[in-house]
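Participant: Take a look at the following structure, please.
The values are calculated or read from the model by the stated rules, or taken from the named source; none is laboratory data. No experiment lies behind these values; they were computed from the predicted model shown. Glycine gets a Cβ as well: all are built from the backbone with ideal geometry, and neighbour counts include every protein chain shown.
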Amino acid sequence: MRTITLVCLPVLFLLLNACKVTKHEAIEHDAALTATGYPFAYADTGGNTYLRELRDEYDLTGVIADATSDRERALRVLDWTNRQWKGHGKKLPTNNDALTILEEADSGRKFRCVEYATVASAALSSLGMPSRRLGLKKKTVETAVAGGGHMVTEVWLADEGKWAVLDGEYNLMPVANGKALNAVEFKRALQSDRPVAFVSGAGPVKPAQQKRYLDFIERYLYYFNVRFDERKLPEPYERIAFQAKTQLMLVPKGAAEPTRFQRKRAMDKFIYTRSVADFYEAPRLAVKK
């Protein structure tokens with residue numbers, strides 16, 4: 001009997017590991033581009049007086065002085081954004097643009113993840129780095145009473161040839177094996193149990209902080225949405241649309257296409273796609289205005 005037990009224990013161990021189920025909910029997307037491209041447009045910094053004002057008033061060129069890579073530049077802007085106010089506030093700015101947000105933050109106001117993402121994206125754009133605000137939404141976005149979404153920023157790292165996600169509210173960039181991740185890559189790394197770490201322009205991120213963020217963020221990595229028009233022009237201007245819709249939402253294969261946010265608010269500005277290639281097209285030159 002003892003001999004049988006010794007022989008079977010290794011087999012049992014292998015079986016248990018083969019049947020191990022990840023604690024992360026897996027989602028999938030199509031890989032191929034759709035037949036029709038989408039009209040994404042990013043800021044033309046040289047011709048954009050609003051962004052030049054933002055860059056010069058807050059000396060953003062100085063913020064990235066001596067940075068030697070796009071990642072380092074992005075991390076410095078991320079840290080600068082995070083330091084403009086501390087803590088989370090629920091009040092809305094009088095106008096949802098970076099200069100207004102920063103002016104009101106100077107007077108002591110605190111804002112939400114939305115405003116962190118807006119400031120980070122505009123600051124990066126003012127420095128010639130294509131960027132966009134990225135909405136993250138829970139699987140339960142339609143039925144949640146509160147907390148149905150979170151907003152971050154994605155920036156195009158030209159020297160790495162890819163999009164990378166930044167969270168201005170938490171001052172973090174996710175990386176795996178040294179590679180900056182976009183939001184979908186971040187989710188894929190988690191669901192496959194690959195190690196994910198975080199970097200920050202403020203220095204090393206403590207393990208406890210990384211764990212707290214992971215516990216918070218994954219619930220939001222289900223639906224992803226971006227605007228077609230990220231030119232950041234002075235108001236008013238006519239925003240670029242596609243089939244009369246202004247945003248693209250990436251939906252997992254087999255998932256419903258949500259049309260309401262937290263029960264009450266209609267989400268009626270979206271084109272839906274299940275193609276991750278559609279969502280992560282490299283930025284084209286902006287329309288100059």
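Participant: Tell me, please, whether a residue that is under 19 Å from F279 (Cβ atoms) and acidic (D, E) can be found in region 237-246.
Facilitator: no
Participant: Within the set of pairs 6 or more residues apart or between chains, which connect a residue that is on the phi > 0 side of the Ramachandran plot and buried (at least 23 other Cβ atoms within 10 Å of the Cβ) inside region 161-188 to a residue that is assigned to a helix (DSSP H, G or I) and of a type in the set (F, W, Y) with Cβ atoms less than 6 Å apart?
Facilitator: From region 161-188, no pairs qualify.
Participant: For region 234-251, which positions are surrounded by 20 or more Cβ atoms within 10 Å (Cβ to Cβ) and in a loop (DSSP other than H, G, I, E, B)?
Facilitator: V251
Participant: Quick one: count up the residues across region 48-105 that are of a type in the set (S, T, N, Q), within 23 Å of A202 (Cα to Cα) and in a helix (DSSP H, G or I). Let's see the steps before the verdict.
Facilitator: Taking region 48-105 first, the residues of a type in the set (S, T, N, Q) are 48-49, 61, 68-69, 81-82, 84, 94-96, 100.
Now restrict to residues that are within 23 Å of A202 (Cα to Cα): 61, 68-69, 81-82, 84.
Subset that is in a helix (DSSP H, G or I): 61, 81-82.
Total meeting the criteria: 3.
Participant: Name the strands (runs of 3 or more DSSP E) wholly inside region 107-181 in which the number of residues that are closer than 19 Å to R212 by Cβ and not basic (K, R) is 3 or more.
Facilitator: Values: elements: 131-137, 149-157, 162-166, 173-176.
The qualifying strands (runs of 3 or more DSSP E) are 149-157, 173-176.
Participant: Follow-up question, since we're still on this one. What's the number of the only condition in (1) closer than 20 Å to A282 by Cβ; (2) of a type in the set (K, R); (3) touching a strand residue (DSSP E or B) at 6+ places or on another chain (Cβ under 8 Å) that R188 fails to meet?
Facilitator: Single failed check for R188: (3).
Participant: Specify the residue that is surrounded by the fewest Cβ atoms within 10 Å (Cβ to Cβ); the eligible residues are those in region 95-106 that are modelled with pLDDT of 95 or more and not acidic (D, E).
Facilitator: Within region 95-106, the match that is surrounded by the fewest Cβ atoms within 10 Å (Cβ to Cβ) is T100.
Participant: Based on what the data block shows, is E154 out of contact with any His (no Cβ under 8 Å at 6 or more places or on another chain) and under 26 Å from R265 (Cα atoms)? Let's see the steps before the verdict.
Facilitator: Working: out of contact with any His (no Cβ under 8 Å at 6 or more places or on another chain): yes; under 26 Å from R265 (Cα atoms): yes.
Yes.
Participant: Counting only residues that are surrounded by 14 or more Cβ atoms within 10 Å (Cβ to Cβ) and over 21 Å from the mean Cα position of the chain (by Cα), how many does region 65-92 have?
Facilitator: 1
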